[in-house]
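The values are calculated or read from the model by the stated rules, or taken from the named source; none is laboratory data. Predicted, not measured: the structure shown is a model, and the values here were computed from it. So basically every Cβ, Gly included, is an ideal-geometry build from the backbone, and we count neighbours across all protein chains shown. The area values use the complete protein model at the heavy-atom level, side chains included, leaving out ligands, DNA and RNA. Shrake-Rupley method; radii C 1.70, N 1.55, O 1.52, S 1.80 Å.
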Amino acid sequence: MRVLIIGGGASGMMAALTASEKADNKVLILERQARMARKLLATGNGRCNLTNRNLTAENYHGQQPRFCAYALKEFGVEDTLACFRSLGLLTVTEDSGRVYPRSDSANSVADVLRLPLEQRENVTILTCAEVKTLQRLNGEFVAVAGDTAYHADRVIVCAGGCAGGKLGGTDLGYKLLSSFGHTRTKLLPALVQLRTDTTFVRSLKGVRCEAEVRHAGQKRTGEIQFTDYGVSGPLIFELSAYAKPEEDLIVDFLPELSENEINDMLLHRCRTMQELKAEDLLTGMLHNRLGRTILRSAGFSLELPCGAFAQAELEQIAKQIKNFRIRVLGTMGMDGAQVTAGGVRTEEFDETTMESKLCRGLYAAGEVLDIDGDCGGYNLQWAWSSGRLAGQLRSAK
């Protein structure tokens, strides 16, 4: 059987590995970029958070989020880790449940997928091959890339989504599937940085800290990273789907302490070190730059001696630590996003096979479909699970 896979990313490579397990399948991967797995190499800040041991169906979103349940059950987290282990990848699991390659490098994940594909005699990989059209003619599929037409009995569309345009994000998959009557939902950036008012944020560029953040009725705890345009980090990625411009992020920099406990600590320091300058008042409690920013945002000079602070002023500082407000202006858009929220409607595909209900022999997997996951390895697990299921090339009865 001639199998054409459009897209050499995470889901495409997993689909290709699966399809090529049958020796009589001839698998062709057409990748539009100069190399496969380019977006994969950027995940997890180059570390590649490839799955999460705490995965549940609630970690996924879309108009029909339960669509992913079958694939995730058939090829779950432990199946995925066993598969990668068989390919030679060693992994480590963090306390959060996030799983990374032991090498701490996304290259390791990409390479253990790529190397067997390059070695299998029934697999051909063509890069810099962007499919312009895909049709079904006389009982077979015909894909045109450049000046060449490629013929196949089965096609799996793994072209990804629009997110991360600089890394190869594209609307190609939506266009190709639309030629068979498929439709898509509204596309939005997900797992994306937030643009904010930078009055006090700009001076914190590069600072990272654990915090609790409230915004748009949501509350998350995790790592926040400050940038010259706003805020980033895993916690922000989780909140980005709910981002509301002109509403504040309310940051609690010490969620493990109450306002009264912080106030008592400040009072003790001011009583025991009265000549200490205010710029060092929060030393040991917060990153130095963050501490100074909190004092400035509360309206205090950094040159004041700590002994000059009145009780009410220390209470004001404690309140600022627990309720630091940052005005949201918007997101960094699709180019900054790690994942596309939205995609081709899942109701048009069979959840047990990933085959199109509109065209037999046509499959789709990964980000091109209207499924997106939370931050923490969930989106890559969807790529592995859906790619594995599609690569089996089964048809619903």
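Just a few scattered comments:
- Charge sum, other residues only, whose C-beta stays under 14 Å from GLY376's C-beta, Lys/Arg counted +1 and Asp/Glu -1: -3
- Subset of LYS26/LYS132; LYS26/LYS175; LYS175/LYS219; LYS166/LYS322; LYS244/LYS357 violating a 29 Å alpha-carbon distance limit: LYS175/LYS219; LYS166/LYS322; LYS244/LYS357
- With all protein chains in place and ligands, DNA and RNA left out, the 1.4 Å accessible area ranks GLU21, GLU31, GLU223, GLU275 as GLU275, GLU21, GLU223, GLU31, largest first.
- Extended-chain gain in nm, criterion 0.36 nm per residue less alpha-carbon gap, ALA308 and SER103: 68.6 nm
- Heavy-atom accessible area, probed at 1.4 angstrom with all protein chains present, ranks TYR242, TYR378 as TYR242, TYR378, highest first.
- Cα point-scatterer Debye curve for the stretch 189-282, base-10 log of I(q)/I(0) at q = 0.17 Å⁻¹: -0.80
- Amide proton proximity set for ARG120, modelled H, under 5 Å, gap of 5+: none
- Once backbone amide H atoms are built at 1.01 Å from N, ALA37 has GLY8, GLY9 as its partners under 5 Å, excluding neighbours fewer than 5 places away on the same chain.
- Inter-centroid distance (Cα atoms) of the stretch 114-147 relative to the stretch 1-70, Å: 16 Å
- Close amide-amide hydrogen proximity is noted between GLY230 and THR196, each under 5 Å apart and 5 or more residues distant or on a separate chain (H modeled in the peptide plane; Pro and chain starts excluded).
- With DNA, RNA and ligands ignored, accessible area of HIS182 (1.4 Å probe; Å², nearest 10): 10 Å²
- Nearest-ten-degree value, helix 10-19 long axis tilted from longest Cα axis of the chain: 30 degrees
- Taking the empirical scaling 2.2 N^0.38 Å for compact globular proteins as reference, the stretch 259-363 has a Cα radius of gyration ratio of 2.01.
- Candidate cross-link partners of LYS277 among the aspartates and glutamates, defined by an alpha-carbon separation under 16 Å and a same-chain spacing of 8 or more, comprise GLU303, GLU313.
- Ignoring aspartates and glutamates fewer than eight residues from LYS319 along the same chain, the ones with Cα atoms less than 13 angstrom from its Cα are ASP252, GLU259, GLU261, ASP264.
- Overall form of the stretch 62-139 per C-alpha gyration tensor (a/c, 1.5; a/b vs b/c): oblate
- The phi-based Karplus calculation (6.51 cos²θ - 1.76 cosθ + 1.60; θ = phi - 60°) puts the 3J(HN,Hα) values of the stretch 237-245 at 4, 5, 7, 4, 5, 9, 4, 10, x Hz, whole numbers, x for Gly and Pro.
- Taking 4.7 Å between C-beta atoms as the pairing limit, the chain has these partnerless cysteines: CYS48, CYS68, CYS83, CYS128, CYS158, CYS162, CYS209, CYS359, CYS375.
- Taking the longest Cα principal axis of the chain as reference, the axis of helix 378-391 is set at about 10 degrees.
- Fluctuation leader among VAL131, VAL192, VAL92 - the chain, Gaussian network, Cα springs under 10 angstrom: VAL92
- For the chain, the 222 nm mean residue ellipticity estimated from helices alone, with every DSSP H stretch of n ≥ 4 adding -39500 (n - 2.57) and the total spread over all residues, rounds to -8000 deg cm²/dmol.
- Cα gyration tensor, the stretch 124-191 - rounded (a/c under 1.5), prolate or oblate: oblate
- Ligands, DNA and RNA left out, the 1.4 Å accessible surface of the chain is 46% carbon and sulfur atoms.
- Those GluC sites (Glu not before Pro) in the stretch 293-341 that DSSP places in a loop and that have at most 14 other beta carbons within 10 Å: GLU303
- Derived scalar couplings between HN and Hα for the stretch 198-206 equal 10, 3, 10, 6, 4, 5, 9, 3, x Hz in order, rounded to whole Hz, by the Karplus curve 6.51 cos²θ - 1.76 cosθ + 1.60 (θ = phi - 60°), x for Gly and Pro.
- Looking at the chain, the accessible area is 44 square angstrom per residue; that uses a 1.4 Å probe and ignores ligands, DNA and RNA.
- Residues of type lysines that LYS73 reaches as a straight line, Cα spacing below 20 Å, ignoring anything fewer than 8 places off in the same chain: LYS397
- Cβ-derived FRET efficiency at R0 56 Å, CYS128 paired with ASN54, nearest 0.05: 0.90
- When all protein chains stay in place and ligands, DNA and RNA are ignored, the 1.4 Å accessible-area order of TYR229, TYR60, largest first, is TYR229, TYR60.
- In order along the stretch 69-86, the phi-based Karplus estimate (6.51 cos²θ - 1.76 cosθ + 1.60, θ = phi - 60°) of 3J(HN,Hα) comes to 4, 5, 4, 5, 7, 5, 9, x, 4, 5, 4, 5, 5, 5, 4, 5, 4, 5 Hz; Gly and Pro are listed as x.
- Point-to-point label distance, GLU246-ASP264, nm (Cα→Cβ direction, 7 Å offset): 4.3 nm
- With Cα atoms, 0 to 90° folded angle of helix 106-119 axis to the chain main axis: 10 degrees
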